[in-house]
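K.L.:
Here it is: the structure, laid out below.
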Amino acid sequence: MLDFVLNFLFPPVCGICGKLDTNWLCDKCRKRLKEYEKFELLQTKEEINKLFNFKNAETNIIEKFINNEQDMNIYFDEFLYCFEYKKLIRNLLLKYKFSDCAYLSNMFGNVILNNKKSNEIFEKYDIMIPVPMDKIKMLRRGYNQTELIIKYLEKKVNSKSDLDSKIDIIKNVENKNYNTIIINNNILIKNRNTKTQSTLNADERIKNIENAFEVKDIEKIKNKRIILFDDIATTGSTVNEISKILKAAGASKILVLVIAKD
Ligand SMILES: [Zn+2]
């Protein structure tokens, strides 16, 4: 009922061209989006290392010690990104981040749900956590963009009957045996405000977010398989720092899911 009222007041529109569309993405724009689609799942440290160009901690530990370099061990186990961060995708994410376009969360949520690879990961993980935002930024913007997408995913993934009735959503996915993904915004908090990562170089980024996050409820993390969700990954330093503390809190496996890899 609430959905019905909301659909009436805020009818679903294509996130790109604004045309009315129940999937939040019209067929024409879906084709445009396809050009940037990746949905690449990296499952080994070597693959992740190659993508992020992380310095391998094991091989040059002495060199790192001499140069006083940062710890760049990889703390997450898998990495899935949906798009390449360029042109249309970059524009959409910037628009989403800096102007009041919260409806784009439904479009991105739907794109993620319509993909076979991302659907498969929902079967293998227990909890999904958005990368927390600074309190100041959150107040200024009024919403955490990753949290909105994650809430959309939660609603769809956890209500299987909803999926069956709305045939437009998840058209191409046969297997719907999801785990119940619990989305939790209170497990992980950002305990201090940091500089915007995009203004810093790779080494500064690592220092900037070091010890900026804290696990509030260790019991909820212990032995859990966790999907850590963010909009854009550039050097990977934020998701890696969070993965480090989640692993220290007892997380058994971590997958980082991002909309786009810069
Ligand atoms: Zn469109």
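Rule-based calculations on the coordinates, nothing more; no lab input. Predicted, not measured: the structure shown is a model, and the values here were computed from it. Backbone-built Cβ (ideal geometry, glycine too); neighbour counts: all protein chains shown.
K.L.:
Length gain on complete extension for the stretch residue 40 to residue 20, per 0.36 nm per residue less the alpha carbon to alpha carbon distance?
P.N.:
Fully extending the segment from residue 40 to residue 20 adds 4.2 nm.
K.L.:
Let's test the formula: R0 of 22 Å, r as the Cβ-Cβ distance of residue 124 and residue 191. What FRET efficiency results, to the nearest 0.05?
P.N.:
For residue 124 and residue 191, the calculated efficiency is 0.15.
K.L.:
Give me the distance in nm between label points sitting 7 Å out from Cα along the Cα-to-Cβ direction at residue 216 and residue 101, one decimal.
P.N.:
Going from the residue 216 label point to the residue 101 one covers 3.0 nm.
K.L.:
If you don't mind, there's one more thing I want to ask. Looking at the stretch 193-226, which trypsin sites (Lys or Arg not before Pro) are in a loop (DSSP not H, G, I, E or B) and have at most 14 other Cβ atoms within 10 Å?
P.N.:
Counting only loop positions with at most 14 other Cβ atoms within 10 Å, the trypsin sites (Lys or Arg not before Pro) in the stretch 193-226 are 195, 216, 222.
K.L.:
Relative contact order for the stretch 179-262: what percent, with Cα pairs under 8 Å and sequence separation of 6 or more?
P.N.:
It rounds to 31 percent for the stretch 179-262.
K.L.:
Now, a different point. From the cross-link list 45/117; 155/222; 97/222; 34/135, which pairs have alpha carbons spaced over 29 Å apart?
P.N.:
97/222; 34/135
K.L.:
Can you work out the Karplus-derived ³J(HN,Hα) for every residue in the stretch 112-121? Use 6.51 cos²θ - 1.76 cosθ + 1.60 with θ = phi - 60°, whole Hz, and x for glycine or proline.
P.N.:
Karplus-based 3J(HN,Hα) across the stretch 112-121 equals 5, 5, 7, 9, 5, 4, 6, 5, 5, 6 Hz.
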